[in-house]
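Quick notes on the structure that follows.
The values are calculated or read from the model by the stated rules, or taken from the named source; none is laboratory data. Computed from a prediction, not measured in an experiment: that's the story for all the values here. All Cβ positions, even for glycine, are placed from backbone atoms using ideal geometry, and neighbour counts span all protein chains on display.
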């Protein structure tokens, strides 16, 4: 077979059922549903399917990959969208031709960044994949110049966080999509071309546990009969959601609902029948509009001070809020200060107009 005649095409909506059926039948891990940003490819020769390839969102945590990139923990969550995971690679039975796998990986690398840009609004800088040494040796990735950066620790993601027992570690391979991929991912300020959505950070376990403590002294504006969830828990969840890029009560509620049981425990959520629950959107809204804003701001300032030692540079901006008047009919002014290194926000509200 002439490998130059092989084409790589995106799977059409009408072909997705066939794609999943073949994956389920022939791949040792079975089919993988589309979760988040995902692209499926099919390799063809004379309209005959030879192989199937799937790319999806990057692994949330991967120590060997993160060490190779060299990015600090505080940058990771805001840049994971620039990495795609080669989550499935299947050469169909009867089509295992010499050098076919390397050819298909090469074709994927040439087009995936532009395809990602077209479908999701941003390009890619890096590809990753995980190889189970019980079944494979990673030969095709090595032949295609992918870099073996180490092995996983053997833990896997579950609906409640990570598994408590280790399994067979997997080999980790990376493929930079540009000569400066590593430098761009690890630099202190990300090029705006690669930014996507609102700035996001990832809260560490210690930060989740300490947030409620800083709100413990704030008076609870709710009636005692309506206090199903503690005020420190509600405020901590709200602050955590905003720090992670959420805007508005609906987004805060969705963010809280997506938290696993481990994270909910750290935020000191209410436990009932062995299950940690989170407040409803109405609870978030009714509480946040009644709580003392000055005391809330002071608590956040104290929490920020505890975790702000890593900021070497600050960005400052300000604005006047429309229709926000104090008792003397003065407009409210907001000044925002954001740390370049951590992405954390420090604010000071001014009640008097500038003169």
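Summary of values
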| item | result |
| --- | --- |
| Which numbered condition residue 263 misses (of (1) touching a strand residue (DSSP E or B) at 6+ places or on another chain (Cβ under 9 Å); (2) within 23 Å of residue 295 (Cβ to Cβ); (3) surrounded by fewer than 22 Cβ atoms within 10 Å (Cβ to Cβ)) | (2) |
| Selection status of residue 93, over 24 Å from residue 193 (Cβ atoms) and in contact (Cβ under 8 Å) with a residue 12 or more places away in the chain | yes |
| Lone unmet requirement of (1) closer than 15 Å to residue 204 by Cα; (2) in contact with a helix residue (DSSP H, G or I) (Cβ under 7 Å, 6 or more places away or on another chain) for residue 229 | (1) |
| Pairs, first within 13 Å of residue 49 (Cβ to Cβ) in region 4-26, second assigned to a helix (DSSP H, G or I), C-beta under 6 Å, six or more apart | 8/107; 11/19 |
| Hey, residue 185 buried (at least 19 other Cβ atoms within 10 Å of the Cβ), assigned by TED's automatic domain parsing to the domain that holds residue 70 and under 18 Å from the mean Cα position of the chain (by Cα) or not | yes |
| Any hit, region 60-69, residues being assigned by TED's automatic domain parsing to the domain that holds residue 127, farther than 21 Å from residue 172 by Cα and touching a strand residue (DSSP E or B) at 6+ places or on another chain (Cβ under 6 Å) | no |
| Filter result for residue 227 (free of Cβ contacts under 8 Å to residues at least 40 places away in the same chain and more than 17 Å from the chain's Cα centre (by Cα)) | yes |
| Qualifying residue in region 99-114 (condition: without any contact (Cβ under 8 Å) to a residue 12 or more places away in the chain and either closer than 22 Å to residue 50 by Cα or touching a helix residue (DSSP H, G or I) at 6+ places or on another chain (Cβ under 7 Å) (or both)) | yes |
| Residues of region 125-153 satisfying the condition of being closer than 20 Å to residue 52 by Cα, in contact with a helix residue (DSSP H, G or I) (Cβ under 8 Å, 6 or more places away or on another chain) and not in a strand (DSSP E or B) | 140, 141, 143, 144, 146 |
| For residue 46: the one exception among (1) at pLDDT below 95; (2) under 24 Å from the mean Cα position of the chain (by Cα) | (2) |
| Single unsatisfied condition, residue 21 versus (1) modelled with pLDDT of 95 or more; (2) surrounded by 15 or more Cβ atoms within 10 Å (Cβ to Cβ) | (2) |
| Residue in region 310-333 that is exposed (fewer than 15 other Cβ atoms within 10 Å of the Cβ), out of contact with any strand residue (DSSP E or B) (no Cβ under 9 Å at 6 or more places or on another chain) and either at pLDDT 85 or above or assigned to a helix (DSSP H, G or I) (or both) present | no |
| Residues being part of a helix (DSSP H, G or I) and closer than 13 Å to residue 182 by Cα - total across region 55-74 | 5 |
| Residue count, region 230-261 (criterion: in contact (Cβ under 8 Å) with a residue 24 or more places away in the chain, within 20 Å of residue 76 (Cα to Cα) and assigned to a helix (DSSP H, G or I)) | 3 |
| Enumeration of residues in region 24-48 that are touching a helix residue (DSSP H, G or I) at 6+ places or on another chain (Cβ under 9 Å), loosely packed, with under 12 Cβ neighbours inside 10 Å and more than 21 Å from residue 112 (Cα to Cα) | 30, 46 |
